[in-house]
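Working notes for the structure below.
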Amino acid sequence: MNWYDLMCVLAKCNGKSLSDDEIKELSISGRRRLLSGYPVIVAHHFSHRFQAFMNYTLNGASKPIGE
C-alpha cells in the first residue's frame, strides 16, 4: 500500500515526523506496525477515500454504471 499521506499521519500519531523519502523506505513490517497501531484512523482514511471514489468516479458526470 502506497498511501504516503496516511503513513505520514500515522507516523505523527506515533510521535515521529517522517519525510516522503523515509516513508518510501519503510519496511513492510514498519508499515504494518503503523497500520495496526491506529485501526480507527486507518478505517476512517479508507472510508474517506472510498466515498471520494464513489462520488467523483462512479457517481460523477459520466455515470459509468448508470443512474
Compactness of the chain - radius of gyration and Dmax, Cα, Å: 15.1, 46
Set of aspartates and glutamates with alpha-carbon distance to Lys16 below 17 Å, sequence-local pairs under 8 removed: Asp5, Glu25
Projected label distance in nm at Asp5 and Asn55, using a 7 Å step from Cα toward the beta-carbon: 1.2 nm
Inter-site label distance for Ser17 and Ser29 at 7 Å from Cα along Cβ, in nm: 2.8 nm
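Just so you know, all these numbers are worked out from the coordinates, no wet-lab data involved. As the structure is a computational prediction, the values presented were derived from the model and not from experiment. Cβ coordinates were reconstructed from backbone atoms using ideal geometry, including for glycine residues, and neighbour counts include every protein chain displayed.
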